[in-house]
Amino acid sequence: MPWSVVNDADGLPRVILTEPGGSSAEVLLYGGQVVSWKNNRREELLYISSKAVLKPPKAIRGGIPICFPQFANFGCLEQHGFARNRMWRLDSSPFPLPPATNQSTVDLILKSTEEDLKTWPRRFELRLRISLSPGKLTIIPRVRNTDRKPFSFTFSLRNYFSVSDISEVRVEGLETLDYLDNLMRRERFTEQADAITFDGEVDRVYLNTPSKINVIDHEKKRTLVLRKEGMPDAVVWNPWAKKAKAIPDFGDDDYTRMLCVDSAVVEMPIVLKPYEEWKGQQELSTVSSSYCSGQLDPRRVLYG
């Protein structure tokens, strides 16, 4: 399926993906970042901060930033690494496409620069395949070591989901799992609740998570389904009121309508020998939901 490239008012290239069912996605070459994903009813499924700055050198608050080669401050580099602050380019030699119908796909690539090598002296190629199909957005990241020595990295697809009201949202699939609480100096705890709900700031790295996580929005009667491979951890983040006001590019009340649930590699960094490659995959989809006593009722789920 075709895609198009347009330039923003600031001159930044933006890739527009569409498919016959009516859904769309938009990807900035700056950061290789998905900044919009709309369903066939033109409802925006991703959150972008009301104060986001959509131009260099600032990282863009919202959408799906690429955190590489470091997640958060789990290392000595800048917060979340530098991939989200670089200009990517269209990949002229992507890996072969699997057979697909009604799918719109773009391939991007980021290579190490001499400037990057000053702060992170490892040569790499980071490829990103972004595919839009009816009801689904799929992202396949690949990291290749093009250096002569091994290196390690952490990684995250930081999904900023748009929600109706954070107090009406629950996350299912992470119950009974261990997590690192970033609000408690990364102390390790075990999740006791049958689902994660929100009445204050949350910043946790859940470990060894399942391949499927559900973000249930009661008010919208919609469930965002996250499926992932190669990224064993999941990060859940909402800054809540006090911290939201302290973040310069975050609207004071934006915390009420967003939630981050990341596909991530945090606790056990990926180690690549020279010319080895790592691959992950994330698939986002939506399910229209009806509820019985606050729970997802499988007898009345409509797949869309």
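The values are calculated or read from the model by the stated rules, or taken from the named source; none is laboratory data. Please read these numbers as outputs of a predicted model, since none were measured by experiment. Cβ placement follows ideal geometry from the backbone for every residue including glycine, while neighbour counts extend to all protein chains displayed. Side chains are part of the model used for accessible areas, which takes the heavy atoms of the whole protein and leaves out ligands, DNA and RNA. Shrake-Rupley method; radii C 1.70, N 1.55, O 1.52, S 1.80 Å.
Working only within region 68-84, note down all residues that are over 24 Å from LYS245 (Cβ atoms) and at pLDDT 80 or above.
PHE68, PRO69, GLN70, PHE71, GLY81, PHE82, ALA83
Condition test on ARG185, is it open to solvent by 60 Å² or more (accessible area, probe 1.4 Å), without any contact (Cβ under 8 Å) to a residue 12 or more places away in the chain and among the charged types (D, E, K, R)?
yes
In region 73-84, what residues are at positive phi and open to solvent by less than 10 Å² (accessible area, probe 1.4 Å)?
Selection gives GLY81 alone.
Within the group SER36, SER50, which residue is among the polar types (S, T, N, Q), within 19 Å of the chain's Cα centre (by Cα) and at pLDDT 95 or above?
Result of the check over SER36, SER50: SER36.
Only residues that are open to solvent by 10 Å² or more (accessible area, probe 1.4 Å) and either of a type in the set (Lys, Arg) or in a strand (DSSP E or B) (or both): list them for region 37-69, please.
LYS38, ARG41, ARG42, GLU44, ILE48, LYS51, LYS55, LYS58, ARG61 - these are the residues of region 37-69 that are open to solvent by 10 Å² or more (accessible area, probe 1.4 Å) and either of a type in the set (Lys, Arg) or in a strand (DSSP E or B) (or both).
Would you mind telling me which numbered condition in (1) in contact with an Asp or Glu (Cβ under 7 Å, 6 or more places away or on another chain); (2) surrounded by 19 or more Cβ atoms within 10 Å (Cβ to Cβ) GLU219 fails?
Going through (1) in contact with an Asp or Glu (Cβ under 7 Å, 6 or more places away or on another chain); (2) surrounded by 19 or more Cβ atoms within 10 Å (Cβ to Cβ) one by one, GLU219 breaks only (2).
On the given criteria, is ILE140 open to solvent by 20 Å² or more (accessible area, probe 1.4 Å), at pLDDT 95 or above, within 27 Å of LEU45 (Cα to Cα) and under 19 Å from the mean Cα position of the chain (by Cα)?
Considered against the rule, which asks whether it is open to solvent by 20 Å² or more (accessible area, probe 1.4 Å), at pLDDT 95 or above, within 27 Å of LEU45 (Cα to Cα) and under 19 Å from the mean Cα position of the chain (by Cα), ILE140 comes out as yes.
Condition first: open to solvent by 10 Å² or more (accessible area, probe 1.4 Å), of a type outside the set (Asp, Glu) and within 28 Å of SER36 (Cβ to Cβ). Now tell me which residues in region 111-130 satisfy that.
LYS111, THR113, ARG127
From SER24, SER50, grab the single residue that is of a type in the set (Gly, Ala, Ser) and within 26 Å of ASP253 (Cα to Cα).
After applying the criteria, what remains is SER50.
Tell me which strands (runs of 3 or more DSSP E) are completely within region 101-159 and hold 1 or more residues being over 21 Å from ASN73 (Cβ atoms) and among the charged types (D, E, K, R), or say none if there are none.
Output list reads 104-111, 124-133, 136-145.
Inside region 165-212, counting only strands (runs of 3 or more DSSP E) that do not spill past its ends, which hold 1 or more residues that are within 18 Å of the chain's Cα centre (by Cα) and closer than 13 Å to GLU267 by Cα?
Hits in region 165-212: 202-206.
Just to verify a result, which residue in region 12-36, among those that are outside any loop (DSSP other than H, G, I, E, B) and of a type outside the set (A, V, I, L, M, F, W, C), is nearest to ARG158 (Cα to Cα)?
Checked region 12-36; the qualifying residue nearest to ARG158 (Cα to Cα) is GLN33.
Filter region 222-263 for residues that are open to solvent by 10 Å² or more (accessible area, probe 1.4 Å), farther than 22 Å from SER50 by Cβ and acidic (Asp, Glu) and give the result.
Within region 222-263, GLU229 is the sole residue that qualifies.
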